[in-house]
Each structure stands twice: as C-alpha cells, then as structure tokens.
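S.K.: Let me begin by handing over the structure; questions about it come next.
The numbers here are math on the coordinates, done by the rules we state, and not lab data. Just so you know, these numbers come straight off a predicted model, no measurement behind them. Reconstructed Cβ throughout: ideal geometry from the backbone, glycine too, with neighbour counts over all protein chains shown.
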Amino acid sequence: MLKTLLNGKRGLIVGIANEDSIAAGCATAFREAGAELAVTYASEKSKRFVAPVVAKLDAPLFMQLDVQDDSQMKAVFDAIDFEWGSLDFMLHSIAFCPKDDLHGPVSACSKEGFAQAMDISVHSLIRMTRLAMPLMKNGGSILTMSYYGAEKVVDHYNIMGPVKSALEGTVRYLAAELGPQQIRVNAISPGPLQTRAASGIDHFDELIDDARTRAPEQGLVTIKDVGHMAVGMVSDFSQKVTGNTSYIDGGYHVRA
C-alpha cells in the first residue's frame, strides 16, 4: 500500500543535510509512496551532500534555499508554480542556533542568537506557509519537526527547548487559521537520532543512551521510521488530523 499511497501528489522538501538526515528519510519514503518531489539545499557548500540523495529521488526541481533569503524562498515557490501549478504537501525540517548560544544556559543566550534561532527554526515555517497556501488549491499538508525538549526540560537541549516550544505553538495557530482551506499543519516529534544537526547538541550521546534504555520499546527510532509516519501524515488517511504534535520515539515521552 505504501507504494501507491501518495500517487499523484507533489511535495516540497526543505531540510535535507545529507543521506542520514530526517528530511532524507522522509523524502525517500515520500518518493517510495509515489510522490513527486521538489528539493532544496541550504548553500553551495551543502549541495554536494544533498545531491546524492536527490539523485535517487528523481526530483524535477533542486534549488538553493537559504531561508533567511526571502528572494531565494520566493524563487523556489515561483518555480513550483511554473513547473506544477500546485502543491500537495510541504516538509519543513530545519533548525539552527549559534554554537555558543546552543551550548550555554538559557539565561546566557544572546539576543542575537535567540533571534536567529527563532527566525530560522520557527518564523521560516510561517514564511514558507504563506507562500505555499496559494498553491494548495485543493487543500494540503504541512509538516515540521519538533522534539520532546519542547514540552519537558531535557538536559543540554538548552535554548532549543523554548525554540521548539514556539514551533509547536506556531503549528497549532497555523492549523486553526488554515483549517477552512483544508490545509493541515502538524509537527512530528522523533526521539533522538544520530544526525549532523543533533550532533551539535552538547552531551548528545547521553541523550541517545537515555532514550535507548528508557523508551518502552527499548530502542531508537530511525529516519525510515520517521519517514513512514510522515507519509501517513501527508496522505489522505490523515485528512482530519491537524494541529498535532505526533511522537515517534518508542514511547519515551510517556516516561515520568
């Protein structure tokens, strides 16, 4: 069933860093389910790490998108409009915080670092949604990626906890606003994964070990697991699901 679940659907993937990233797992699953994809890369430096993933996706659009550059963002959506004329789903899987602010306590986070983390990790979703809305003429699905640290304090997650909290709040408000247009907005909250982005978190190995031992399923999730959930969330099987944060962490989040 997975091989035909997204037949005829077209989606935009933002956030592939390399073949081990969450967005890569989702994009692979989307393609295997029959979707046609447009993919972006953050910079010329990162393009060579994204290109091998895109080669397997047969993506007709592969464009640069630094989400802090409004002209690049507009160009991506203009290209989608020209190539397809519509869009069925969008995956936003990006987050960033300057290293010094990420590794320090919340009370020491700089104004500039906080603003940049919020802009790239949260407000970029708002800007992308605004551009995606006119293309989702028959409804659609927007997904973003969160983490348990948005809900509870996770040691060493630091300022990204409040940032992800803001992201989840944004999901709820966007879902309420876009619901009349049949555009669903949801967050997926995977357990810790060995990705390049996650490796920037201080003491990340401790988060991995804790998740492995304390999750009811006694194991870690994979990008393939996340991809399968993402397929379900953008498919017609989830037409009445919006404003949710859906955990995929082997049950870790139920532990006190």
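S.K.: Taking 7 Å along the Cα-to-C-beta vector as the label spot, tell me the Lys56-Lys152 distance in nanometres, rounded to one decimal.
M.R.: Roughly 3.3 nm, to one decimal.
S.K.: Counting each DSSP H run of 4 or more residues in the chain as -39500 (n - 2.57), what helix-only mean residue ellipticity at 222 nm follows after dividing by all residues, to the nearest 500 deg cm²/dmol?
M.R.: The helix-only estimate for the chain comes to -12500 deg cm²/dmol at 222 nm.
S.K.: Also, quick follow-up: Amide H to amide H under 5 Å from Val39: which residues, 5+ apart in sequence or cross-chain, H placed 1.01 Å off N in plane?
M.R.: Ile13, Leu61, Phe62, Met63
S.K.: Please rank Met118, Met73, fewest neighbouring Cβ atoms within 10 Å first, as an exposure proxy.
M.R.: Fewest-to-most ranking of Met118, Met73: Met118, Met73.
S.K.: Computed over the Cα atoms of region 10-249, what is the convex hull's projected area averaged over all directions, in nm²?
M.R.: Over every viewing direction, the Cα hull of region 10-249 projects on average to 12.2 nm².
S.K.: Using +1 at the C-beta of Lys and Arg and -1 at the C-beta of Asp and Glu, which of Pro52, Gly85, Met133 has the Cα lying farthest in the positive direction of the dipole of region 31-142?
M.R.: Checked the options; the winner is Pro52.
S.K.: Figure the gain on full extension for Asn138 and Gln116 (residue separation times 0.36 nm, minus the Cα-Cα span) and round it to one decimal in nm.
M.R.: Once the chain is fully extended between Asn138 and Gln116, it gains 4.6 nm.
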